[in-house]
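Please read the structure below before turning to the comments.
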Amino acid sequence: METSALASQSGFSGAVPAELAWYVTTSPIITANWVAASDNRWTLPIGGGFGKILKFGDKFPPINLQLQAFDNVVRPHQGGADWQLRFQVQFLFPR
C-alpha cells in the first residue's frame, strides 16, 4: 500500500485576564492523502477549546493544560473519523 501524505497544523490562542490564567485556542491538524481519490483525500477539522496554566508554588514547574474538540467537516468516506478530541499536558520550564 502506497501512501503520500500531508499534515499541516496552524494555531491561534487568545488570552483572557492574567489573574484567571485561562485562554481559548484552536490548532486543528489538516491532513491529505495524495494517493487517495480526490473526494476521499482531505480531513478538515473545525473547532477549538480552552486551556489553563496551573502553578504549584516555586518548587514545581507550571503546567499548561488544554482541551480541544473538532468536527471533521471534510473527511474520507471510508475510515475517516467524524470528530477529534485532544487533551494536552505541557510542563513549562522557564529559563
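Every read-out reported here was derived from the displayed coordinates using simple, explicitly stated rules and does not represent laboratory data. Just so you know, these numbers come straight off a predicted model, no measurement behind them. Reconstructed Cβ throughout: ideal geometry from the backbone, glycine too, with neighbour counts over all protein chains shown.
Taken one residue at a time, the phi angles of region 50-63 give Karplus couplings (6.51, -1.76, 1.60, θ = phi - 60°) of 9, x, 8, 9, 9, 10, 10, x, 8, 7, 10, x, x, 10 Hz. Gly and Pro are set to x.
Each principal axis of the Cα cloud of the chain was evaluated for its coordinate range; sorted largest first, these ranges are 54, 24, 18 Å. Relative contact order, whole percent, for the chain stands at 22, derived from Cα pairs under 8 Å and 6 or more residues apart. For R41, no residue has an amide H sitting under 5 Å from its own, ignoring neighbours fewer than 5 places away on the same chain, with H placed 1.01 Å from N. Backbone geometry of region 29-34 corresponds, through the Karplus equation with coefficients 6.51, -1.76 and 1.60 at θ = phi - 60°, to 3J(HN,Hα) couplings of 9, 8, 10, 9, 10, 5 Hz, x marking Gly and Pro.
Placing a label point 7 Å from the Cα of V24 along the Cα-to-Cβ direction, the residues of region 37-62 with a backbone N closer than 14 Å are 47-51. For F50, the residues whose amide H sits under 5 Å from its own are T25, L67, ignoring neighbours fewer than 5 places away on the same chain, with H placed 1.01 Å from N.
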